[in-house]
Amino acid sequence: MISSDIIRGYNDTMILSLLLKEPSYGYEISKDIKELTAGQYIMKETTLYSAFTRLEKNQYIESFYGTETNGKRRTYYKITDSGKTFYNEKCEEWKVTKEVMEKFIS
Amino acid sequence: MEIIKNYLDSMFANLPVNQEMIKLKEDLYNNMEDKYMELKADGHSENEAIGTVIANFGNIDELFAELGIGSQKKETVKARKVGQTEAETIIKDKRFWGKIIGIGVSLCIIAPGVLVLLSGLTNNVSFGNFNLIVGNDINSSGSDIGLLSLLSFFIVLAMGIGTIIVGGLTLEKYNFLQKEVLEVSTSAKNYIQQRKSNYQTRFTLHIVIGIMLCILSPMFLIIVASLGNPVTGGSTGAAVLLFMVALAVYLFVSAGTEMDTYKQLLQEEDYKPENKQENKIVSAVAAVIWPLTVIVYLVWSFTTGSWAISWIIWPVVGIAFGAFSAVVSIITKE
């Protein structure tokens, strides 16, 4: 189980990466993260929605109401152009971070 | 499912109910329900499913911090509650007494105008130095009018000051609006917001008229002075100037009080909870500075008779005080 302290700075990047493929909603994103990481990382509900709030405030994502499924009206999120730019910056940042950290990992 | 619903309800219990919160809660609930259904479908027991869903919920404070409502719970303890009926009474009282105080301030400005006008009519130029009027002019009727003008001055001034004191004391019970953190009910907030936006145009109009009166008032002084008798014309002009300024000040005070009431109730601009500390400093200094200015103004004017120039103290202190408040606000914000 991964420590939430370590991953905190990259929750936004994970969500943006999934939204790059297609617009999605809360549960689907948390399920995708769980499946992609084979259950090694499970994003908490509150972490997910903090990230949505933050990303939307920074205009990296936009929300809209999707079509109803199982009688539920869901809030979907889609990535914006500045969200894509931000995602690319975070990817570059991670590459450097990874390079630096690997020098200390035996 | 009832357990998850109750769990979520308890998490949101202390929070303001607004559109954003309802939507957030609904989204969270939908996700939790999806997760629960899937766990059940995967063959987990009801208890297991609920346990997992709640364990994966996380820490609600993380989310509230992001929404900027982290300190909500602490503040509600000492916040002063204001409901719609109270808000209506406050607005009604403040509007009425704001006008009364405006009249009081205007009377104080009109008072020297009355003095100038009445003394001017008697051809006594040095109206400020009443010894001259009373002492050297015993045989003429001017001394009577000199006394009369002086008497009128004090009566009008006393009426003005009396009115301000009564108004100020009546409104004192609403001082909490500026000092305490308020918790205004949603319906009251909507009502106040409505009143405020309805008032905006009239407010702007009053301020603009007031400013125009202030700008035009010296022009009248010049026009009246150049038309008539150089001596009486001058004092009539000065009186007209003071009347115009008094009217302008009435507009500023009454409009300002009403607009301030809305801002206080909505806790906007200067009245944001975080700005209330700074207001305390500024108002403490104001409580000393303004009465002191009145004393200096009256002593200076009466002892030297230089009414023509002594008014300069008002804009000077006004600007200095404005600069002081600005400095305080910069420092406290840092």
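Given the criteria part of a helix (DSSP H, G or I) and without any contact (Cβ under 8 Å) to a residue 12 or more places away in the chain, does residue B:288 qualify?
Yes; evaluated as a whole, the condition is true for this residue.
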Quiz prompt | Selection from the stretch B:37-47 of residues that are over 21 Å from residue A:71 (Cα atoms) and within 13 Å of chain A (Cβ to nearest Cβ) | solution = B:42
Self-check item: the stretch B:48-57: number of residues that are crowded, with 17+ Cβ neighbours inside 10 Å and facing another protein chain (nearest Cβ under 10 Å)
Solution: 3
Quiz item: Only one of (1) surrounded by 15 or more Cβ atoms within 10 Å (Cβ to Cβ); (2) in a helix (DSSP H, G or I) fails for residue B:9. Which number is that?
Solution: (1)
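Select, from A:7, A:15, the only residue that is more than 9 Å from chain B (Cβ to nearest Cβ) and under 24 Å from residue B:23 (Cβ atoms). Let's see the steps before the verdict.
Working: A:7 fails: under 24 Å from residue B:23 (Cβ atoms).
Exactly one of A:7, A:15 is more than 9 Å from chain B (Cβ to nearest Cβ) and under 24 Å from residue B:23 (Cβ atoms), namely A:15.
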Quiz prompt | Criterion violated by residue A:94 - all others in (1) without any contact (Cβ under 8 Å) to a residue 60 or more places away in the chain; (2) surrounded by 12 or more Cβ atoms within 10 Å (Cβ to Cβ); (3) hydrophobic (A, V, I, L, M, F, W, C) satisfied | solution = (1)
Quiz item: What do you reckon, is residue B:115 open to solvent by 20 Å² or more (accessible area, probe 1.4 Å), at pLDDT 55 or above and in a helix (DSSP H, G or I)?
Solution: no
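Report, by residue number, each residue of the stretch B:21-36 that is open to solvent by 70 Å² or more (accessible area, probe 1.4 Å) and more than 10 Å from chain A (Cβ to nearest Cβ). Lay out the reasoning, then the answer.
We begin by selecting, within the stretch B:21-36, every residue open to solvent by 70 Å² or more (accessible area, probe 1.4 Å); these are B:22, B:26.
Within the stretch B:21-36, B:22 is the sole residue that qualifies.
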Quiz item: Tell me, which residue of the stretch B:179-200 that is touching a residue at least 24 places away in the same chain (Cβ under 8 Å) and open to solvent by 70 Å² or more (accessible area, probe 1.4 Å) is nearest to residue B:16 (Cα to Cα)?
Solution: B:186
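Taking residue B:227, is it more than 25 Å from the chain's Cα centre (by Cα) and exposed (fewer than 12 other Cβ atoms within 10 Å of the Cβ)? Let's see the steps before the verdict.
Values: more than 25 Å from the chain's Cα centre (by Cα): yes; exposed (fewer than 12 other Cβ atoms within 10 Å of the Cβ): yes.
When the stated conditions are applied, residue B:227 passes them.
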Exercise. Output yes when any residue across the stretch A:79-89 is among the aromatic types (Phe, Trp, Tyr) and within 14 Å of chain B (Cβ to nearest Cβ), and no when none is.
Key: no
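Conditions tested, residue by residue: (1) open to solvent by 50 Å² or more (accessible area, probe 1.4 Å); (2) under 30 Å from residue B:247 (Cβ atoms).
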position	(1), (2)
B:38	yes, no
B:46	yes, no
B:62	yes, no
B:66	no, no
B:80	yes, no
B:94	no, yes
B:99	yes, yes
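Quick test for you: out of B:130, B:176, B:153, pick the one residue that is within 19 Å of residue B:241 (Cα to Cα), modelled with pLDDT under 90 and of a type in the set (Phe, Trp, Tyr).
B:153
With the structure loaded, tell me whether residue B:63 is free of Cβ contacts under 8 Å to residues at least 60 places away in the same chain, more than 30 Å from the chain's Cα centre (by Cα) and assigned to a helix (DSSP H, G or I) or whether it fails that test.
On the way: free of Cβ contacts under 8 Å to residues at least 60 places away in the same chain: yes; more than 30 Å from the chain's Cα centre (by Cα): yes; assigned to a helix (DSSP H, G or I): yes.
Against the criterion (free of Cβ contacts under 8 Å to residues at least 60 places away in the same chain, more than 30 Å from the chain's Cα centre (by Cα) and assigned to a helix (DSSP H, G or I)), residue B:63 qualifies.
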Quiz item: Counting only residues that are in contact with a helix residue (DSSP H, G or I) (Cβ under 6 Å, 6 or more places away or on another chain) and assigned to a helix (DSSP H, G or I), how many does the stretch A:34-44 have?
Solution: 0
Self-check item: The listed residue being within 27 Å of residue B:284 (Cβ to Cβ), within 25 Å of the chain's Cα centre (by Cα) and in the same structural domain as residue B:259 (by TED's automatic domain parsing), out of B:176, B:243
Solution: B:176
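Give the residues of the stretch A:49-65 that are within 11 Å of chain B (Cβ to nearest Cβ) and either in a helix (DSSP H, G or I) or surrounded by fewer than 16 Cβ atoms within 10 Å (Cβ to Cβ) (or both), sorted by residue number.
Filtering the stretch A:49-65 for residues within 11 Å of chain B (Cβ to nearest Cβ) gives A:49-57, A:63, A:65.
Hits for the stretch A:49-65 are A:49, A:50, A:51, A:52, A:53, A:54, A:55, A:56, A:57, A:65.
Could you check the stretch B:273-295 and list, in sequence order, the residues that are within 26 Å of residue B:190 (Cα to Cα) and loosely packed, with under 14 Cβ neighbours inside 10 Å?
Start the filter on the stretch B:273-295 by keeping residues that are within 26 Å of residue B:190 (Cα to Cα), which leaves B:273-276, B:279.
B:273, B:274, listed by residue number.
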Quiz prompt | Any hit, the stretch A:14-29, residues being surrounded by fewer than 18 Cβ atoms within 10 Å (Cβ to Cβ), of a type in the set (A, V, I, L, M, F, W, C) and outside any helix (DSSP H, G or I) | solution = no
Practice problem: Quickly run through the stretch A:1-13 and pick out the residues that are surrounded by fewer than 20 Cβ atoms within 10 Å (Cβ to Cβ) and in a helix (DSSP H, G or I). | Solution: A:4, A:5, A:6, A:7, A:8, A:9, A:10, A:13
Self-check item: Long-range neighbours under 7 Å by Cβ, at least six apart or interchain, first residue in contact (Cβ under 8 Å) with a residue 12 or more places away in the chain and within 11 Å of another protein chain (Cβ to nearest Cβ) within the stretch A:33-48, second in a loop (DSSP other than H, G, I, E, B) and open to solvent by less than 40 Å² (accessible area, probe 1.4 Å)
Solution: A:42/B:56; A:44/B:56; A:44/B:57; A:44/B:58; A:45/B:56; A:45/B:57; A:45/B:58; A:47/B:58
Practice problem: Determine if the stretch B:250-264 includes at least one residue that is in contact with a Leu (Cβ under 7 Å, 6 or more places away or on another chain) and among the hydroxyl-bearing types (Ser, Thr, Tyr). | Solution: no
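The values are calculated or read from the model by the stated rules, or taken from the named source; none is laboratory data. Note that the structure is predicted; figures quoted are calculated from it, not measured. As a convention, Cβ positions derive from the backbone with ideal geometry for all residues, glycine included, and neighbour counts pool all protein chains shown. The area values use the complete protein model at the heavy-atom level, side chains included, leaving out ligands, DNA and RNA. Shrake-Rupley method; radii C 1.70, N 1.55, O 1.52, S 1.80 Å.
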